Structures are given as structure tokens and as C-alpha cells.
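Shown next, in C-alpha cells, is the structure this report addresses.
What follows draws every value from the coordinates through simple rules; no lab data is involved. All figures in this text were calculated on a predicted structure; none of them were measured in a lab. Please note: Cβ atoms are built from the backbone with ideal geometry, for glycine as well, and neighbour counts cover all protein chains shown.
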Ligand SMILES: Nc1nc2c(ncn2[C@@H]2O[C@H](COP(=O)(O)OP(=O)(O)OP(=O)(O)O)[C@@H](O)[C@H]2O)c(=O)[nH]1
Ligand SMILES: [Mg+2]
């Protein structure tokens with residue numbers, strides 16, 4: 001039996017789930033997904049994805065060994081051995097394998113990384129369906145083998161029992177759904193309120209910005225502990241290289257668009273993102289969830305192609321428009337996950353050009369306090385966290401985002417700042433235009 | 001927990017009364033009356049004495065918000081209301097004819113207060129008029145009041161208003177405990 005590459009609407013191969021006989025349980029509850037060798041960033045994204053996209057139909061199980069579905073990162077340090085052991089179990093749970101490389105593993109579904117939200121959701125839905133079917137079949141088989149109760153009491157008792165069971169089941173489902181829904185609503189409300197306006201006549205109420213930010217902070221900023229920044233290994237853990245993420249390409253595209261005062265697109269098989277320097281807007285043709293997931297995963301060489309455009313095409317319904325600044329800020333938060341850009345010296349003083357327009361950017365805890373401190377006093381990233389008595393990850397996240405929109409830099413950066421070379425672009429278009437661009441870029 | 005008096009000023013119709021209503025945890029006290037003919041171009045009524053609202057910032061304290069009248073004929077109230085204030089929220093209506101001159105006019109009018117206290121600026125109605133941009137306001141302020149919060153704000157949105165007020169409070173002291 002071979003693992004099947006799940007491809008759009010193609011059905012999931014049935015065999016891998018039919019081997020599994022689920023315990024007699026209620027599968028209307030959220031299904032528990034066990035994560036094996038999945039890094040913290042992806043785990044955060046998955047938690048968010050399960051509650052946002054899947055409406056709480058799936059949850060991450062804190063003990064992966066007692067989960068309904070297994071998700072294994074084969075490219076992780078132990079991924080392959082975990083899968084080998086898991087596959088040997090006679091009735092192992094349905095398994096999804098994540099890998100950059102096509103994988104032929106018996107009895108599991110392979111999904112290529114970077115993970116596509118839509119595909120993952122489809123696969124999960126199919127597994128749920130299959131588990132439900134198996135569960136019902138199993139129950140039917142079991143019920144025929146049960147001894148019948150005594151002739152007098154049997155019909156009434158079993159009828160009552162069935163009624164009771166149905167009521168309990170309905171209650172449990174409702175409770176589970178409600179619980180998930182509340183988590184989901186809390187997260188969603190937090191996100192929405194920062195981006196959209198309430199109706200003009202909303203009743204006045206007390207607001208806690210910090211608590212509002214807290215709800216989304218974990219997803220953006222993670223939960224990394226403070227590091228000893230004099231220790232090289234720990235310092236490296238607190239840094240990320242924007243060039244290894246989509247944000248690196250985005251920053252190149254913005255720079256290119258500004259240099260030539262023309263729209264620049266980033267194309268990939270995931271969709272197109274176009275930057276319009278004239279209106280300082282970005283047109284996004286990638287689903288929001290997928291974009292978050294792409295932003296958090298290291299990119300492959302040549303995965304994203306930059307090209308100068310003569311005009312832009314705004315497809316209503318497919319394209320979202322956002323201010324470039326808000327887009328870059330948010331994407332940086334997704335990529336950095338509470339880390340600072342590589343080569344940042346955390347012991348150098350930070351200079352802030354001016355306050356960011358925080359009402360139009362993704363807010364998170366301590367952002368206003370960090371800005372207030374930097375606008376009045378000279379502090380490094382290290383001393384900022386100490387003086388404000390806050391976890392370092394908030395300072396790093398804020399610095400990364402403010403640095404990406406050109407508002408913050410360390411004094412060393414400023415002293416050594418030179419004109420960066422124009423980013424290399426690949427162009428797929430008319431040869432004449434290509435020549436013109438090469439000429440503009442002085443690459444010919 | 002401390003309490004702070006915050007002043008909210010700005011031209012007619014900038015959204016001072018609305019902003020206080022958006023964040024006040026008590027029904028705000030307002031003194032609306034029929035506006036003068038000039039003001040009536042913008043709206044029917046105007047604040048003639050003051051607005052008052054109450055807000056709490058968790059871990060920081062209680063904020064007493066005092067809204068000033070926008071009409072210049074009531075400018076005597078600006079000084080009266082300023083007493084005991086620790087910070088000024090200046091709302092500038094970006095849809096008015098010359099928002100930069102409004103900005104400079106109010107900064108001049110509150111100069112004495114600003115030299116001793118902190119200020120944060122909210123640009124309202126940017127949904128109706130997107131220029132000048134927030135960056136351009138920052139550029140106007142670079143040489144006179146560098147490093148102050150300037151946000152685009154919809155006075156009807158309590159998050160926008162609360163964030164601006166929070167920025168003002170942390171400008172007083174970034175180390176205030178949350
Ligand atoms: N479209 C839009 N309307 C806004 C915005 N901010 C405030 N408003 C509206 O603008 C009007 C402002 O009115 P007030 O709050 O009375 O203004 P004020 O500053 O108190 O005016 P005076 O007391 O006369 O000086 C209200 O109708 C608000 O709903 C905004 O950002 N966008
Ligand atoms: Mg008023």
C-alpha cells in the first residue's frame with residue numbers, strides 16, 4: 001500500500017483509514033490531532049488554523065499518543081523514526097506526513113510543504129468522514145453481538161438507554177462546540193477589532209488594549225523564553241533571517257517598486273502579490289490563512305519570482321487590497337515569531353525615526369510602551385526588555401516589524417548603511433520590456 | 001492606582017465628543033447646544049462648555065477625560081479646563097480645508113500646556129480624506145515636536161481612541177506598570 005499524494009478534489013485513498021478501528025466514541029466532538037516533530041511555529045499556526053479555518057472541528061491534542069489523527073513532520077529530526085514505529089502498530093491512527101519531498105509511505109497521506117491550508121482542511125475533513133463511517137459500522141457489528149436483555153425489561157430499558165444516550169451525546173457535542181466557538185470568537189474578535197470599525201453607535205465600553213493584543217500575540221510572537229544574548233548559540237536562536245522567508249522577497253519587491261515607481265509582482269504557484277508604489281497599496285491574491293502559513297515557513301530558492309509590471313489587474317472578489325505598511329508589518333510578525341533579524345546587535349542602541357501609526361497596524365502587548373521608551377530614551381533591545389520588565393520576544397517582534405517598515409534601526413546599522421544593490425529580478429515578459437528593465441537595472 | 005486628567009482638544013467637528021463617548025465607561029457628560037452658522041456647515045450642535053468621561057487603563061489607573069469646545073468663541077474654556085491636566089489629545093479633522101493650519105493653530109493655542117505636559121495627535125476622518133498622510137503630519141512636527149504619537153483615528157472606534165490615549169499615557173512614563 002502506498003501513500004497517496006492528495007491532489008485537490010481527488011479522493012483520499014480509503015485503505016489507510018479502514019485498517020484503523022476507532023474506539024466506541026462520539027466522533028461529533030472535535031477530533032484530536034497529535035503533532036509529532038512539528039516545530040513550535042508550525043504548531044502555533046496549526047492551532048490557529050484548527051480554530052479559525054476548521055471552526056474547532058479539530059484540536060491539537062496535548063498528548064499526541066492518544067490522538068485520533070497523527071501529523072508527522074518527516075523532515076524533522078525524529079520524523080522518520082517516529083513514522084517507522086507508528087506504522088508498525090497494528091491499528092495505528094490515520095496519519096498525515098509532511099515533507100518537502102514526495103514520500104511513498106504505506107498507509108499515510110503525504111502533503112507537500114509548505115503546507116497548503118485548503119488541502120490540509122480537505123484531508124482532515126475526509127479523515128473525519130471516514131472515521132465516522134468506520135465508527136458506525138463498528139457499532140452495528142458490536143450491537144448484533146450484544147446479548148439481548150430479558151424479555152420483560154428489554155424493550156423499555158434499551159429504549160430509555162437509547163434516549164438517554166442520545167441526550168447525553170447531543171449535550172456533549174453542544175458543549176464541545178460551544179467551548180471551541182468561544183475560543184474562536186475571542187481570537188477572531190481580537191483580530192477584527194483592530195482592522196475594522198464598529199458601527200458608529202456602538203455603546204461605550206471599557207477597553208483593555210493589552211488584553212486585546214494578548215489574544216493574538218501568541219500566534220504572532222510565540223512563547224519563546226528569554227535568552228542569554230551574550231551566548232552565541234542562544235543569540236542565534238533569537239534571530240531569524242528575513243531572506244529565508246517570504247518577507248525577504250516582499251521587502252525586495254517594495255524596494256524595487258519604489259525605485260522604479262512601478263508596480264512589482266511576486267508570483268508563485270500559491271498566487272500573486274502586487275505592490276503599487278503610487279498608492280502605497282498591495283493587491284493580494286492569496287488566501288489570508290495560506291499567506292500566514294507561507295509567511296511562517298522558510299522559502300525555497302526561486303519559489304517566488306519578482307517582476308516589474310506596466311499595469312495592475314484588480315480582480316474583484318479574488319483580490320484583497322491593503323496598505324503596504326500594514327502588510328509588511330504583519331508579515332514580519334508572522335515570519336519573525338518573536339525574533340530579531342539576523343545580524344542585529346541586541347546590545348546596540350535602537351533609533352526610532354518616529355512613532356508607527358499603531359492604530360492601522362497589527363497591535364500586540366507592550367507595543368505602545370516600547371515605542372514610548374524608544375522615543376524618549378536611548379536603549380538597546382536587551383535593556384528595553386529589562387527596563388520595561390517584559391519578555392524579550394515582544395521587544396524583538398516590535399523591533400523586527402518597525403525595522404521592516406523603515407522606522408527602527410540600531411546605531412550600527414545607521415552608521416554602516418550604504419545603498420543596497422538593486423534586488424535581482426527575473427522577468428518573464430516581452431523581450432523588449434525585458435531589455436528595458438535590464439537597461440534600467442544596468443544588468444546587461 | 002493613579003488618576004490622570006487628560007484634555008481633548010481640536011477644531012469643530014474633529015470628533016472630541018464622539019471620542020469621549022467611545023471610550024468612557026460612564027455615560028459621558030456633554031454640553032451640546034445649537035451651533036453657530038459657520039459650524040452648522042459641519043453639524044447641528046456643538047460643545048459649548050465641556051465634555052466629561054471616565055476611562056480605566058488596566059494596571060495604570062483612572063483617566064478623567066475633558067473635552068474642550070472646538071468653536072473659538074469658547075476658547076476661554078481651554079485654559080480653564082487645562083488646569084491639572086497631564087496630557088493633551090489633539091484631534092485634527094483631515095477632511096477640513098486646511099488641516100495643517102488647524103494643527104499649528106492648536107499647537108500654538110496650547111503651547112504653554114504642551115511645554116509642561118505630553119501630547120498625542122489623532123487624525124480623524126481619514127476614511128473621508130486620505131491626504132495629508134500621517135507621515136506628512138509627522139514631517140510637519142519633526143522640528144517642533146519630534147517623537148510624539150500621531151495616529152489615524154476614527155473617533156467612533158473605541159480601540160483607535162483607547163490606543164491613542166494609551167500612547168499618551170506611556171509617553172508620560174513608559175515604565176508605568178501594565
Ligand atoms: N467618517 C468619519 N466620521 C467621523 C470620524 N470621527 C468622527 N466622526 C464623526 O464626526 C462627527 C464629530 O462630531 P463631534 O464628536 O460632536 O465633534 P466635536 O469635535 O466634539 O465638535 P465640537 O464640539 O463642535 O467642537 C460625528 O458625527 C462623528 O460620528 C471618522 O474618522 N470618520
Ligand atoms: Mg464636542
Here the Kirkwood hydrodynamic radius of the stretch A:311-380, Cα-based and in Å, equals 14.6 Å
Ranked from fewest to most other Cβ atoms within 10 Å of their own Cβ, A:268, A:93, A:66 fall in the order A:66, A:268, A:93
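On a full-extension model of 0.36 nm per residue, what is the gain between residue A:259 and residue A:223, subtracting their alpha-carbon distance, rounded to one decimal in nm?
Details: separation 36, 0.36 × 36 = 12.96 nm, distance 3.77 nm.
Length gained, residue A:259 through residue A:223: 9.2 nm.
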Could you check the simple spin-label distance between residue A:65 and residue A:302, using points 7 Å along Cα→Cβ, in nm with one decimal? 4.5 nm
Listing B:72, B:153 by rising number of other beta-carbon atoms within 10 angstrom, fewest first, gives B:72, B:153
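What does the highest-first list of A:345-352, A:398-405 look like by mean Cβ count within 10 Å?
Working: A:345-352: 18.1, A:398-405: 24.4.
The most tightly packed comes first, giving A:398-405, A:345-352.
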List B:55, B:77 from most exposed to least, where exposure is judged by having the fewest other Cβ atoms within 10 Å. B:77, B:55
Please check: in the Gaussian network model of chain B (C-alpha springs, under 10 Å), which one of B:88, B:54, B:128 has the largest mean-square fluctuation. B:128
Which value in Å is the Kirkwood Rh of the stretch B:34-100 over different Cα pairs? 13.9 Å
Which value, to two decimals, describes the C-alpha radius of gyration of chain B once divided by 2.2 N^0.38 Å? 0.95
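Can you say what percent of the DSSP beta bridges in the stretch B:2-172, counting only those with both residues inside, are antiparallel? Round to 5. Spell out each step's value before the answer.
Values: 11 of 32 bridges.
In the stretch B:2-172, DSSP labels about 35 percent of beta bridges as antiparallel.
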Across 10 Å bins from 0, what is the distribution of all Cα-Cα pair distances for the stretch A:223-367, in whole percents? 10, 37, 35, 15, 3, 0
Run the simple label-point estimate for residue A:378 and residue B:48 please: 7 Å along Cα→C-beta, distance reported in nm. 5.5 nm
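Please report Rg over Rh for the stretch A:81-134, where both radii come from the alpha carbon positions and Rh follows the Kirkwood definition.
Numbers: Rg = 11.9 Å, Rh = 12.2 Å.
Over the Cα atoms of the stretch A:81-134, Rg/Rh equals 0.98.
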The stretch A:72-106 and the stretch B:60-106 have their Cα centres apart by a whole-number Å value of 64 Å
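Take peptide A:350-358, look around each residue's Cβ out to 10 angstrom, count Cβ atoms belonging to other protein chains, and average those counts. Each step should come with its number before you reach the end.
On the way: counts 0, 0, 1, 5, 12, 11, 4, 12, 9.
That works out to 6 on average.
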Between the stretch B:112-178 and the stretch A:267-287, what is the separation of their alpha carbon centroids in Å? 30 Å
Using only DSSP helix segments of four residues or longer, with each worth -39500 (n - 2.57), what per-residue ellipticity at 222 nm results for chain B after dividing by its residue count and rounding to 500? -9000 deg cm²/dmol
